[in-house]
1. Which value, in debye to the nearest 20, gives the size of the charge dipole of the range 8-66 about its Cα centre, when Lys and Arg are +1 and Asp and Glu are -1 at the Cβ?
2. Can you work out the Karplus-derived ³J(HN,Hα) for every residue in the range 74-85? Use 6.51 cos²θ - 1.76 cosθ + 1.60 with θ = phi - 60°, whole Hz, and x for glycine or proline.
3. Relative to the longest principal axis of the C-alpha atoms of the chain, give the angle of the C-alpha long axis of helix 136-153, reported between 0 and 90° and rounded to the nearest 10°.
4. Along the charge dipole of the range 8-66, Cβ charges K/R +1 and D/E -1, which of Ile25, Leu13, Met50 sits furthest on the positive end?
5. So which trypsin sites (Lys or Arg not before Pro) in the range 196-278 end up in coil per DSSP with only 12 or fewer other C-beta atoms within 10 Å?
6. Who wins for biggest fluctuation among Asp235, Asp217, Asp104 in a Gaussian network model of the chain, springs between alpha carbons below 10 Å?
7. For Val72, Val95, which order do you get if you count the other beta carbons within 10 Å of each Cβ and list the fewest first?
8. Only helical DSSP H runs with n ≥ 4 go in: add -39500 (n - 2.57) per run for the chain, normalise by residue count and round the 222 nm mean residue ellipticity to 500 deg cm²/dmol.
Amino acid sequence: MEAQDARTPLLGLDLPGLQAWCAQIGEKPFRATQLYRWIHQRGVADFAQMSDLAQSLRSRLPDIAVVAPLPVISEQASTDGTIKWLFDVGGGDAVEAVYIPEDDRATLCVSSQAGCAVGCRFCSTGYQGFSRNLSSAEIVAQLWWAEHHLRQRLGRPGERIISNVVMMGMGEPLQNYSALVPALRTMLSDHGYGLSRRRVTVSTSGVVPMMDRLGQDCPTALAVSLHAPNDALRDDLVPLNRKYPLAELMAACRRYLEFAPRDFITFEYCMLDGVNDSEAHARELLDAIRMPDLPHGRLPCKFNLIPFNPFTQSGLRRSPRERVLAFAQVLQDTGLVTTVRKTRGDDIDAACGQLAGEVQDRTRVHLRWQEPVPKTLQPEVSR
Ligand code: SF4
């Protein structure tokens, strides 16, 4: 068996965490800020290069701490500029991060778990089952690698490359809450990656209690994987709905916006041929978001319609484009902002719902589609 590394993985500490750690080793809080900036702003992993740290500290650090990048198993670059990295997280597990450059932004899609326990029917990650939660260090390591590797590769040292992070890779981030929040804080910190609250999006399939906690602890932008306008259909497509049905989810969205008053919820809706894509479904969605006492009589939100990326085991098909447009029209006619997601990185399987990596089917999630999600597979929620 591999010996465990007893050193503290510094990538996983937010600034208050690093300050507390520095206090434990007898260092002043300003040393934490220095270290944090070297690691996250300058991408330095070698303590010997951190020239403004006291020599005594520089020599001590390698024995007690580590800045550990995740080993890259593979990199695939799409013709459209999208890059997908597959990272080794040990024990036979791998996770993926995807860099998506656009004219006015560059987004990194980050994974929060190896596999996923939610088991959405249209998602190849969900199909492959849950292996384990990532640590804060493993979540941040994806951004650390992408940001600093791309600075070098694109010949833009010192310039910020990643402008947006979406927690939409493998996993349900709100089922890994205690690791997620320090990672988000490092993304948002002025001494870390300096991303604004609205440029960091947590995507959830609807873990209601954790949505409430996130609103209080770290209210980033929130995307909700909706995919169905009623409980019967959503119970089937997103099994977590059996635990937190639509009315509860909508109420949680409303409460979330109390912590982020000028924001809106982005609803993700994967368009599945003949399943959830009729104009009647679109009208039902309008009912689901109705809140008569709010301005415009509904929850502040927008819709992002996602063309399904078919994979063999799902038995599902992508909706024809004309049906997607007709669906969008029903929503747009009421003044709702509705976009149809461009598919990116199709040639490297980096499109949404295709982040399957090398995770093995350990939990045979497909056998659980008709069962309530077992509590043991919801480590954060069931506490
Ligand atoms: S869509 Fe998200 S929550 Fe659903 S199975 Fe896939 S990774 Fe998990």
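Throughout, read-outs are computed from the coordinates displayed, never taken from laboratory work. A quick note: this is a predicted structure, and the numbers were derived from the prediction, not measured. Neighbour counts run over all protein chains shown; Cβ positions are idealised from the backbone, glycine included.
1. 120
2. Computed from phi, the couplings for the range 74-85 are 7, 10, 10, 10, 7, 5, 8, x, 5, 10, 10, 10 Hz.
3. In the chain, helix 136-153 runs at an angle near 80 degrees to the longest axis.
4. Met50
5. Taking the range 196-278 and a limit of 12 other Cβ atoms within 10 Å, the loop trypsin sites (Lys or Arg not before Pro) found are Arg262.
6. Asp104
7. Values: Val72 13, Val95 31.
In order of increasing Cβ crowding within 10 Å: Val72, Val95.
8. That calculation yields -9000 deg cm²/dmol at 222 nm.
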